[in-house]
Amino acid sequence: MRLSRYFLPLLKETPKEAEIISHQLMLRAGMIKQQAAGSYSWLPLGFKVLNKVIRIVEEEQNRSGAVQLLMPTVQSADLWRESGRYDDYGKEMLRIQDRHERDMLFGPTNEEMITDIFRTYVSSYKDLPLNLYHIQWKFRDEVRPRFGTMRSREFLMKDAYSFDLDEAGAKRAFQRMFVAYLRTFYRMGLTGIPMRADAGPIGGDMSYEFHVLAETGESGVFLDSDLASKPVPPIDTDFSGDLSPIFDDWTSLFAATDEMTDEATFRASVSGNKQLAARGIEVGHIFYFGTKYSEPMGAKVTGPDGKDVVVHMGSYGIGPTRLVPAIIEASHDENGIVWPVSVAPFEAVVINLKVGDGQSDAASQRLYDELGRAGIDVLLDDRDQGAGGKFATADLIGIPYQLIVGPRGLKDGQVEIKHRKSGERETLSLEAAVGRLAALIVPQRRDTV
Ligand code: 5CA
């Protein structure tokens, strides 16, 4: 991508309405634009990051055995009357009437609709276990939408729903998602820590929230600090095998939100030097709720003995549009965003310091083309403006590697690489640059670990 042809509306000033750093940086870096309270457009740079986040979510859902589909945003109220939630959900649900005065709603979640799909098509225990997921917009009329896309009214959710013959099967499904979540957040450069949590309006008696630790997090969390450095299960984890040793290992350590525990219990349960009381951003939430929806909605299968069995269900949410600011909260400095390579909008930017200078233009173009051919997601800063502004842009939008090309270095056949995160700089020959960048970038994609 050439920056001169891109759409990157940067802001010079920090917008006053933005209270937290991720919201400020997303606005300044031209990633999002507010359209109404809690409603945002994703501008090209933001959308590019969002898509990388989505891709990782999809890959890890698929790896764990979940199957993707797509359900509509606008739902019929009748389905929700069947489960009893139409009246329970309250003001957070956006209720709509169509031209025939039929009650509709903009889905805040999809338990009812997926249960309807299940009961229409699945009738035998032989078709279980089954886990279906989609990535779709949700609307919740939040009392306090705030912090940009961190808590918005319209937001993207990955929601998965598992169906099993009995509680034991449902627990295995829960553990598969638990492990998939550990891997998903790790691949984005985050530490997503599972915490015992309150199930709220989704219901059920077992639920874990996954939190990214950050000072600006909306939840109080108490945990054993060993959880923050625990290695996540590797890519070759067998999702058809027994995952309970991994699950037990993670859940045996103390971690709970302040809705589920109090400070005294925490202090008494965790040894002094491992007590970590912090703030967390909830990036995922998984639930086991048994037959809460399948029973009233008649989602049954024929069991091995020929008798009807009401299926056991769980649901599993991740918020991609919340993950983008969560990653920024976890990774920024005074100059801007510091993207982890795996979700960076571009992995490298070629900065042409002297647009219009034949040698600089030719070398920049050549490096840009070669990086593209080497599979690097690369941006070319070919704007006709001063070096200072170009460095500031590259720092602000957080591209992990800057390849700096200018007449002075080119006289000796040299270019410079700046590492965004460490600030380290290295001078190397024009010929060596592409190989060096690929060697730096490829292992940090975390797509083979
Ligand atoms: N049906 C279940 C799981 S599929 C469910 O709705 N769970 S949830 O309510 O916990 O939401 C799942 C995830 O969506 C949350 O963990 C969070 O990452 C994201 N999310 C929820 N509300 C918002 C919001 N207002 N803005 C942005 N993301 C949100």
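The values are calculated or read from the model by the stated rules, or taken from the named source; none is laboratory data. Note that this is a predicted model, so its numbers are computed, not measured. Using ideal geometry, Cβ is built from the backbone for each residue, glycine included, and neighbour counts are taken over all protein chains shown.
If you check every pair at least six apart or on different chains, which have Cβ atoms under 9 Å apart with a residue in segment 41-53 that is closer than 18 Å to Arg446 by Cα and modelled with pLDDT under 95 first and a residue that is surrounded by 23 or more Cβ atoms within 10 Å (Cβ to Cβ) and of a type in the set (Phe, Trp, Tyr) second?
Filtered contacts from segment 41-53: no entries.
Conditions tested, residue by residue: (1) hydroxyl-bearing (Ser, Thr, Tyr); (2) part of a helix (DSSP H, G or I); (3) in contact with a helix residue (DSSP H, G or I) (Cβ under 8 Å, 6 or more places away or on another chain).
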| residue | (1), (2), (3) |
| --- | --- |
| Phe239 | no, no, yes |
| Asp249 | no, yes, no |
| Leu253 | no, no, yes |
| Ala256 | no, no, yes |
| Glu259 | no, no, no |
| Ile286 | no, no, yes |
| Gly306 | no, no, no |
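Among the residues of segment 105-115, count how many are under 12 Å from Pro296 (Cβ atoms) and more than 9 Å from the ligand (Cβ to nearest atom).
So the answer is 2.
Take the residues of segment 133-155 that are of a type in the set (Lys, Arg) and without any contact (Cβ under 8 Å) to a residue 60 or more places away in the chain: which is farthest from the ligand (Cβ to nearest atom)?
Once the filter is applied, the top-ranked residue is Arg144.
Can you name every residue in segment 344-375 that is outside any helix (DSSP H, G or I) and buried (at least 19 other Cβ atoms within 10 Å of the Cβ)?
Correct list: Ala344, Pro345, Phe346, Glu347, Ala348, Val349, Val350, Ile351, Asn352, Leu353.
Restricted to segment 116-132, and to residues that are in a helix (DSSP H, G or I) and surrounded by fewer than 23 Cβ atoms within 10 Å (Cβ to Cβ), which residue is farthest from the ligand (Cβ to nearest atom)?
For segment 116-132, the residue satisfying everything is Lys126.
Condition first: of a type in the set (A, V, I, L, M), more than 15 Å from the chain's Cα centre (by Cα), surrounded by 24 or more Cβ atoms within 10 Å (Cβ to Cβ) and part of a strand (DSSP E or B). Now tell me which residues in segment 151-206 satisfy that.
Met195 - this is the single residue of segment 151-206 that is of a type in the set (A, V, I, L, M), more than 15 Å from the chain's Cα centre (by Cα), surrounded by 24 or more Cβ atoms within 10 Å (Cβ to Cβ) and part of a strand (DSSP E or B).
Could you grab me the full set of residues in segment 80-91 that are free of Cβ contacts under 8 Å to residues at least 60 places away in the same chain and in contact with an Asp or Glu (Cβ under 7 Å, 6 or more places away or on another chain)?
Trp80, Lys91 - these are the residues of segment 80-91 that are free of Cβ contacts under 8 Å to residues at least 60 places away in the same chain and in contact with an Asp or Glu (Cβ under 7 Å, 6 or more places away or on another chain).
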